[in-house]
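What follows is a set of notes on a single structure, which appears directly below.
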Amino acid sequence: MHHGEDQRRRFLKGAATALAAVAITPRARAFSPDLAEPAQSTAAAAPSVPDQPVSCVQPFALNQVKLLDSDFSRATAANLRYLHSLPVDRLAHTFRTQAGLPSHATPLGGWEKPDCELRGHFSGGHYLSAAALAYASEGDELLKTRGDELVAILASCQQPDGYLSAFPRSFFDRLSSGQKVWAPFYTVHKIQAGMLDMYRHAGNQQALQVAMGIGNWLVRWLNGFSDADVAHMLKTEYGGINDSMYELYAITGNERYRDAAHRFDQASLFDPLAAYRDELQGLHSNTQIPKIIGAARRYELTGEPRYRRIAEFFWETVTQHRTYATGGSSNDEFWKTAPGDLKGQLGLYSAESCVAYNLLKLTSHIYGWNGDPRAFDYYERTLYNARLGSQDADGMKLYYYPLRPGAAKFYNSPTDSFWCCTGTGAEEFARFNSNIYFHDGKDLYVNLFIPSELNWNDRGIVLRQETGFPREPRTRLRFKLAAASRFTLHVRIPSWIGPDATLRLNGETIDAFASPGSYLSLQREWHDGDQLELALPMSLHAVPLPGDDSQQAMLYGPLVLAARLGGEGLTHAMQYCGYDAGPTPEPAVQPASRFSSASPRSTDWMRVVSADTLRFEATTRQGTVPVAPLNQIYGERYAVYWQNDIDASSSG
Ligand SMILES: [Zn+2]
């Protein structure tokens, strides 16, 4: 977005002079222009099957993409080591005791403590999802075995009517009678989703039976309540229970599951979004996103345009107008301000990790409908900054991603936290291979520059991507083909790409390029051994905080940079927390950059020290400050946002 029109035109002009042997069509698609006007009537006569496919592109199965050595594969390995450290009998403990079965295991702590109202969300939910994803992505047999064992134990704890939880049914009585209770449906969603992941990604048939049992219990339970009763209950966080019930419908075709999922439509959230109104101010961020993912799933299964509108408008307003430079969103877990205004929102508890996780999940749904490369500009920035940097070397995860200048990261403890973000992190760090490549049945899309090998088995196509990106500003794509094959390869040209980007095919420079934020599309007959080398020049660019030009972040390519402010006074206890997200380190002083308020996008106060090792340096009022990518900063204070020198002087 930081590129001017002149550069865009130059890129497009270049594209017109493509080599005759290679047809090149730069394109940037608009978001669903056919859906620009809200339809008059959408509630009636919802088709059970969409008239036409809603997806234009789809991701490959997890076992078709293998990560090669990179920061992502190393982060995956750390996550799996952590998951290996959790014994099944401890995970199963509260489910067994709730079902009246003997258990002698030491209970887990934090949000899995036997008296915590959220118990079971990680142990019987996120853990199963993560184990299934790790098996599909990495072939982790140990986690598949552990997952299978846990499914069998939880099946033995499931009641004859399908009820399955580590807490008693009385929690649902409290929900329906308006008494205070944490989030019973949120927890049941995690368990049902964990079972469905074990079925889909690890082939566990028993897990599908358990998920159907939960679905049957839920259908009967909901039958006892009017829509008005349910509307009242939806004020309590219910996670993505609509999403998992739609998924159960997609697998089984049983319309009772779909109809039950419909009952979790929350008019107070969905209606304004369907009318393109952002009324999100004051709402708890992570409570809303899973509901929207459920709406996205509804659109995919029924074709009702209202639900596409809800999901697309929500994505647009949140990712474009409510996010920090890292791609994260929320402060103290809420959206406290109007869209486009994050003034005063750089907190110790900003950018809850689950929010970024769920926004990425939503992004891949929406990208599947429109193939818009803009979706991957957001995805990539969030992945590298709000996600990759949220884990330490032992697999511990961040809850919040502090953005108050001078703060430090603080992580969960191994067995005494089990925050929501511990759970979503365990899932995400088991599937970094999931969105690198897409296809539309015929053509191939390369969206991320992560070292990996794609095996498109039924087309006889293997594509190997080798790169040291972002330490190396290029990527190489090599085809291994069973036979020559004609198709179009769409390579994403990121919006951050610098001038002088080039593409070489089998060593020859192609005299064309696509504009930043679009695809470079190569239509030709591909042969075994064909090689593409894409230069990805990166440069420094400044991104002001929305609504406050006196604060700016600096990026290098997709990487958010941060001032390294040292680890003085930081103790282990400050950085690794138990049940509560505290005590947290007090922030140090915010560095003031030397940029003039007249040119808040100036970058001349920062320089690249070493592109190979991603080391940078800033000139500030406090002197020279070392700078590194935010996702590489551990055990020290940092600042993502730099203060305008002039404003700092005048405010003392
Ligand atoms: Zn969370």
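The values are calculated or read from the model by the stated rules, or taken from the named source; none is laboratory data. Predicted, not measured: the structure shown is a model, and the values here were computed from it. Positions of Cβ are generated from backbone atoms using ideal geometry, with glycine treated the same way; all protein chains shown enter the neighbour counts.
So, restricting to helices (runs of 4 or more DSSP H) that lie completely within the range 2-113, which ones have at least 3 residues that are touching a strand residue (DSSP E or B) at 6+ places or on another chain (Cβ under 8 Å) and modelled with pLDDT of 95 or more?
Numbers: elements: 5-15, 71-84, 88-98.
The qualifying helices (runs of 4 or more DSSP H) are 71-84.
Report whether or not Leu398 is at pLDDT 95 or above and either basic (Lys, Arg) or under 22 Å from Leu62 (Cα atoms) (or both).
Values: at pLDDT 95 or above: yes; either basic (Lys, Arg) or under 22 Å from Leu62 (Cα atoms) (or both): no.
No, not satisfied.
Being within 16 Å of the ligand (Cβ to nearest atom) and surrounded by fewer than 23 Cβ atoms within 10 Å (Cβ to Cβ), is that true of even one residue in the range 272-280?
Step one: of the range 272-280, the residues within 16 Å of the ligand (Cβ to nearest atom) are none.
No, there is no match, as no residue in the range 272-280 is within 16 Å of the ligand (Cβ to nearest atom) and surrounded by fewer than 23 Cβ atoms within 10 Å (Cβ to Cβ).
Yes or no: the range 215-222 includes at least one residue that is touching a residue at least 24 places away in the same chain (Cβ under 8 Å), of a type outside the set (A, V, I, L, M) and more than 19 Å from Tyr249 (Cα to Cα). Break it down stepwise before answering.
From the range 215-222, those touching a residue at least 24 places away in the same chain (Cβ under 8 Å) are 215-222; that's our starting set.
Filter once more, keeping what is of a type outside the set (A, V, I, L, M): 215-217, 220-221.
Filter again for more than 19 Å from Tyr249 (Cα to Cα), leaving none.
No, there is no match, as no residue in the range 215-222 is touching a residue at least 24 places away in the same chain (Cβ under 8 Å), of a type outside the set (A, V, I, L, M) and more than 19 Å from Tyr249 (Cα to Cα).
Would you confirm whether any residue within the range 331-345 is of a type in the set (A, V, I, L, M), surrounded by 18 or more Cβ atoms within 10 Å (Cβ to Cβ) and within 13 Å of the ligand (Cβ to nearest atom)?
We begin by selecting, within the range 331-345, every residue of a type in the set (A, V, I, L, M); these are 338, 342.
Pick out the ones that are also surrounded by 18 or more Cβ atoms within 10 Å (Cβ to Cβ) and you get 342.
From what is left, the residues that are within 13 Å of the ligand (Cβ to nearest atom) are none.
No: the range 331-345 contains no residue that is of a type in the set (A, V, I, L, M), surrounded by 18 or more Cβ atoms within 10 Å (Cβ to Cβ) and within 13 Å of the ligand (Cβ to nearest atom).
Looking only at the range 489-541, how many residues end up being buried (at least 17 other Cβ atoms within 10 Å of the Cβ), part of a loop (DSSP other than H, G, I, E, B) and not acidic (Asp, Glu)?
15
Within 16 Å of the ligand (Cβ to nearest atom), of a type in the set (Val, Ile, Thr) and surrounded by 24 or more Cβ atoms within 10 Å (Cβ to Cβ) - does that describe any residue in the range 295-317?
Narrowing the range 295-317 to residues within 16 Å of the ligand (Cβ to nearest atom): none.
No, the conditions are met nowhere in the range 295-317.
Would you check if Pro405 is away from the ligand (no atom under 16 Å from the Cβ), in a loop (DSSP other than H, G, I, E, B), over 22 Å from the mean Cα position of the chain (by Cα) and surrounded by 21 or more Cβ atoms within 10 Å (Cβ to Cβ)? Reasoning before the result, please.
On the way: away from the ligand (no atom under 16 Å from the Cβ): yes; in a loop (DSSP other than H, G, I, E, B): yes; over 22 Å from the mean Cα position of the chain (by Cα): yes; surrounded by 21 or more Cβ atoms within 10 Å (Cβ to Cβ): yes.
When the stated conditions are applied, Pro405 passes them.
Has the range 440-449 got at least one residue that is touching a helix residue (DSSP H, G or I) at 6+ places or on another chain (Cβ under 7 Å), closer than 26 Å to Asn79 by Cα and at pLDDT 95 or above? Don't jump to the end; show me each part of the working.
Taking the range 440-449 and keeping what is touching a helix residue (DSSP H, G or I) at 6+ places or on another chain (Cβ under 7 Å), we get 447-448.
Adding the requirement that they be closer than 26 Å to Asn79 by Cα leaves 447-448.
Applying the additional criterion that residues be at pLDDT 95 or above yields 447-448.
Yes, the range 440-449 has at least one match.
Can you work out which of the residues in the range 422-473 that are within 16 Å of the ligand (Cβ to nearest atom) and in contact with a Gly (Cβ under 9 Å, 6 or more places away or on another chain) is nearest to Ala131 (Cα to Cα)? Write out each step before concluding.
First pass over the range 422-473, keeping only residues within 16 Å of the ligand (Cβ to nearest atom): 422-429.
Still in the list and also in contact with a Gly (Cβ under 9 Å, 6 or more places away or on another chain): 422-423, 425-426, 429.
Values: Thr422: 14, Gly423: 11, Gly425: 12, Ala426: 9, Phe429: 11 Å.
The qualifying residue nearest to Ala131 (Cα to Cα) is Ala426.
For residues in the range 354-402 being away from the ligand (no atom under 16 Å from the Cβ) and either outside any helix (DSSP H, G or I) or on the phi > 0 side of the Ramachandran plot (or both), which is surrounded by the fewest Cβ atoms within 10 Å (Cβ to Cβ)?
Applying the filter and picking the extreme gives Ala393.
When the range 171-188 is examined, which residues are found to be assigned to a loop (DSSP other than H, G, I, E, B) and either without any contact (Cβ under 8 Å) to a residue 60 or more places away in the chain or of a type in the set (Ser, Thr, Tyr) (or both)? First the steps, then the outcome.
At the first step, the residues of the range 171-188 found to be assigned to a loop (DSSP other than H, G, I, E, B) are 177-183.
Passing the criteria: Ser177, Gly178, Gln179, Lys180.
Could you give every pair whose Cβ atoms fall below 7 Å, whose first residue belongs to the range 332-353 and is under 19 Å from Thr422 (Cα atoms), and whose second residue is within 16 Å of the ligand (Cβ to nearest atom) and among the β-branched types (Val, Ile, Thr), counting only separations of at least 6 or pairs across chains?
So the pair list comes out as Leu348/Thr584; Ala351/Thr326; Ser353/Thr424.
Scan the range 242-260 for residues that are crowded, with 20+ Cβ neighbours inside 10 Å and in contact with a Leu (Cβ under 8 Å, 6 or more places away or on another chain) and jot them down. Walk me through how you get there before you give the answer.
Initially, the range 242-260 is screened for residues crowded, with 20+ Cβ neighbours inside 10 Å, giving 242-249, 257-258, 260.
If the condition is that a residue be crowded, with 20+ Cβ neighbours inside 10 Å and in contact with a Leu (Cβ under 8 Å, 6 or more places away or on another chain), then Ser244, Met245, Tyr246, Glu247, Leu248, Tyr249, Tyr257, Arg258, Ala260 are the ones that fit.
Can you tell me which residue within the range 344-377, out of those that are among the hydroxyl-bearing types (Ser, Thr, Tyr) and under 10 Å from the mean Cα position of the chain (by Cα), is farthest from Cys56 (Cα to Cα)? Quick ask: steps written out before the conclusion?
Start the filter on the range 344-377 by keeping residues that are among the hydroxyl-bearing types (Ser, Thr, Tyr), which leaves 349-350, 353, 357, 363-364, 367.
Then keep just the ones that are under 10 Å from the mean Cα position of the chain (by Cα); that gives 353, 357, 363-364.
On the way: Ser353: 29, Tyr357: 23, Thr363: 14, Ser364: 12 Å.
Filtering first and then ranking leaves Ser353.
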